[in-house]
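Here's the structure, in structure tokens; my notes come after.
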Amino acid sequence: MAVAVTFGEIMMRLATPGHQRFVQATEFEISYAGAEASVAVSLAAFGHQASLATVLPNNPLGDACLGWLRYYGVDPRHVRRSDTGRMGVYFLEAGAAQRPSKVVYDRAGSAITLAPAASYDWPAMFDGVDWFHTTGITPALGPACAEATASALKAAKTAGLQTSFDINYRGNLWSKEVAQKTVEPMLASVDLVIANEQDAADVLGIHAEKTDISKGQIDRQSYEGVARQIQERYGCAKVAITLRESESATINHWSACLLDADGFHLSQRYTIHVVDRVGAGDAFCGGMASALLDGMGSQEALEFAVAASCLKHSIPGDFNKVTKAEVLRLSGGDGSGRVVR
């Protein structure tokens, strides 16, 4: 069993029931969510010891959120409680057919954004740890979070951990220009860079040929060039890119690629009828980290991560509530969806 730490904000998620629009909903379904928390949940589900470094308000909402983390097997030892700040919230209106999903953030002044960067004792947190993961969402939350993210990555590299960073660009949080200026220096401390089909263009200015995201048109092979440019520019050992081809909000095609010392690898491609796509990229990150920690080879690790994230599309909520056996069944070729008795 490997030990992993992730760092980022965990929020309350308020989603309209079914596929209702905000203007018609009379209630919201409550769960808890966040990219780095989702990765920790996946790692715990796949048999590793995973903890989330974060800050929660010292109130009943923080208590409820902490209970969710414990329920899903995440070690709470690095969750700090604060009397300053609030619980961040995001609202989700799930799309369907040709209507896209919508996300509204309400996270200004959350507890993690108000915590000083110097309040995290990274060397102590990383003692006995094998893997550290964070994303581009965390530094987008404000200067203190950006400084803490950079410090965490440097400390993780100094301590000899494997590090992964999901670029995870969020246009609602910051501009492309500020994102690039902030993220690029961090990549010097990253072993595995993860992006989706658009992140490299939005944040790093690296574009894939023969690709039009708005039309769901992706030339999968062209992402080898994107991955090689990222690797050569920033010196990271591995680059993984998830590739989503959207026919509509309901029907997506899902695959990924991986570039490492063994070469360029493309996964199988799944056609998905989406139940909830939020958190699918995080499920990929968790699956990839778990597979590499388990010693899987490059192609096997890629297929495991893609299968894990494929299954996440079938589950409401941000967290990927699947087992390792279920992922291996799908990555091994059993995607029939037949009843298991």
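The values are calculated or read from the model by the stated rules, or taken from the named source; none is laboratory data. Note that the coordinates shown come from a computational prediction; the quantities given were computed from them, not determined experimentally. All Cβ positions, glycine included, derive from the backbone under ideal geometry; neighbour counts span all protein chains shown. Note: accessible area is taken over every heavy atom of the protein model, side chains too, but ligands, DNA and RNA are not part of it. Shrake-Rupley method; radii C 1.70, N 1.55, O 1.52, S 1.80 Å.
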Given only helices, namely DSSP H runs of n ≥ 4 each adding -39500 (n - 2.57), what is the per-residue ellipticity at 222 nm of the chain, to the nearest 500 deg cm²/dmol?
-9500 deg cm²/dmol
Amide H proximity to residue 194 below 5 Å, modelled H, separation 5+ or other chain, gives 165, 166, 167, 240
Taking θ as phi - 60°, what are the ³J(HN,Hα) couplings along the stretch 41-58 by the Karplus curve (6.51, -1.76, 1.60), each to the nearest whole Hz, with x for Gly and Pro?
4, 4, 4, 5, 5, 8, x, 9, 8, 10, 10, 10, 8, 7, 10, 10, x, 8
Within the stretch 151-165, list the residues whose amide N lies under 20 Å from a label point set 7 Å along Cα→Cβ of residue 261.
157-165
Return the sequence-ordered ³J(HN,Hα) values of the stretch 115-132 in whole Hz as given by the Karplus equation 6.51 cos²θ - 1.76 cosθ + 1.60 applied to θ = phi - 60°, using x for Gly and Pro.
7, x, 4, 6, 7, 9, 8, 4, x, 5, 5, 8, 5, x, 9, 9, 9, 10
Please enumerate, by chain and number, the lysines with C-alpha under 16 Å from the C-alpha of residue 324, excluding those fewer than 8 residues away in the same chain.
312
Sorted by chain and number, the residues with a modelled amide H under 5 Å from that of residue 79, at a separation of 5 or more or across chains, are 54
Residue by residue, what Karplus-based ³J(HN,Hα) values in Hz, rounded to whole numbers, does the stretch 66-77 have, using 6.51, -1.76 and 1.60 with θ = phi - 60° and x for Gly and Pro?
4, x, 4, 4, 4, 4, 8, x, 7, 5, x, 4
For the chain, set up a Gaussian network in which alpha carbons nearer than 10 Å are linked by springs, and say which option among 118, 44, 146 fluctuates the most.
118
Unit charges on C-beta of K, R, D, E only; dipole of the stretch 209-341, Debye
320
Report the label-to-label distance for residue 170 and residue 325 in nanometres (one decimal), using points 7 Å from each Cα along the Cα→Cβ vector.
3.6
What GluC sites (Glu not before Pro) in the stretch 1-42 are in a loop by DSSP, with at most 10 other Cβ atoms within 10 Å of the Cβ?
27
With all protein chains modelled, accessible area of residue 339 [1.4 Å, Å²]
110
Residues of the chain: accessible area per residue at 1.4 Å, in Å²?
41
Run the reach check for residue 181 against lysines, Cα to Cα strictly under 22 Å, same-chain hits fewer than 8 apart removed. What comes back?
154, 157, 238
Amide H to amide H, which residues 5 or more places from residue 130 or on other chains are under 5 Å from it, using H placed in the peptide plane?
3, 4
A 1.4 Å probe over the protein heavy atoms gives the chain a carbon and sulfur accessible-area percentage of 49
Subtracting the Cα-Cα distance of residue 217 and residue 103 from 0.36 nm times their residue separation yields 38.7 nm
Linear extension gain, residue 20 paired with residue 229, 0.36 nm per residue minus alpha-carbon span:
71.1 nm
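Using a ≥ b ≥ c from the Cα gyration tensor of the chain (square roots of the eigenvalues), is it rounded, prolate or oblate, where a/c under 1.5 gives rounded and otherwise the larger of a/b and b/c decides, a/b for prolate?
Taking the square roots of the gyration eigenvalues as a ≥ b ≥ c, the chain is rounded.
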For the pair residue 341 and residue 118, what calculated FRET efficiency results from E = 1/(1 + (r/R0)^6), where r is the Cβ-Cβ distance and R0 = 51 Å, to the nearest 0.05?
0.40
Judged on accessible area alone, 1.4 Å probe, highest first, 122, 68 line up as 68, 122
Sorted by mean Cβ packing within 10 Å, highest first, what order do the peptides 74-80, 289-295 take?
289-295, 74-80
Give me the one-decimal nm value for the distance between modelled label points at residue 80 and residue 177, 7 Å along each residue's Cα-to-Cβ direction.
3.2
With the dipole of the chain worked out from charges on the C-beta (+1 for Lys and Arg, -1 for Asp and Glu) around the Cα centre, which of 285, 28, 6 lies farthest toward the positive end?
28
